[in-house]
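One structure below.
The values are calculated or read from the model by the stated rules, or taken from the named source; none is laboratory data. Note that the structure is predicted; figures quoted are calculated from it, not measured. Here the Cβ positions follow ideal geometry from the backbone for every residue, glycine too, while neighbour counts run over all protein chains shown.
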């Protein structure tokens, strides 16, 4: 499993977590719908944003293409856990990343990740 480069920062705050629906709903001809649990798996979708310098952006792009196999490999990343702390999560990219230049030496990179 790939690991997040230690020279790169963790995602900045303001990211979002979208839990996946773990239930299946079946509408009945009469009465209340039947709802049951499909899975106990986490499978959250995480909207992450990073701020990189030019050098960090170069490191990120090299890592993304190499160790991360263009985003298809799982990797470990420290993320807020929702309980006031930080946890090491197994994540991978959903699609590719997007980047914008926000200053002379500031890249803002965003991506959707899935957590296992």
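The table below gives the values:
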read-out	value
Residue that is farthest from the chain's Cα centre (by Cα) [pool: residues in the stretch 82-116 that are assigned to a loop (DSSP other than H, G, I, E, B) and exposed (fewer than 12 other Cβ atoms within 10 Å of the Cβ)]	104
First in the stretch 31-60 and surrounded by 14 or more Cβ atoms within 10 Å (Cβ to Cβ), second anywhere and part of a helix (DSSP H, G or I) and modelled with pLDDT of 85 or more, Cβ under 7 Å, 6 or more apart	52/60
Selection count where residues are surrounded by fewer than 15 Cβ atoms within 10 Å (Cβ to Cβ) and either without any contact (Cβ under 8 Å) to a residue 40 or more places away in the chain or within 14 Å of residue 109 (Cβ to Cβ) (or both), scope the stretch 70-81	3
Residue list for the stretch 20-47, filter: at pLDDT below 75 and out of contact with any strand residue (DSSP E or B) (no Cβ under 8 Å at 6 or more places or on another chain)	21, 39, 40, 41
All positions within the stretch 64-90 that are at pLDDT 90 or above and farther than 12 Å from residue 50 by Cβ	65, 66, 67, 68, 69, 70, 71, 72, 73, 74, 75, 76
Cβ pairs under 7 Å, 6+ apart, first in the stretch 84-101 and farther than 17 Å from residue 113 by Cα, second crowded, with 17+ Cβ neighbours inside 10 Å	101/107
Test: residue in the stretch 62-75 that is part of a strand (DSSP E or B) and touching a strand residue (DSSP E or B) at 6+ places or on another chain (Cβ under 9 Å)	yes
Residue count for the stretch 50-79, restricted to those that are more than 17 Å from residue 6 (Cα to Cα) and within 12 Å of the chain's Cα centre (by Cα)	1
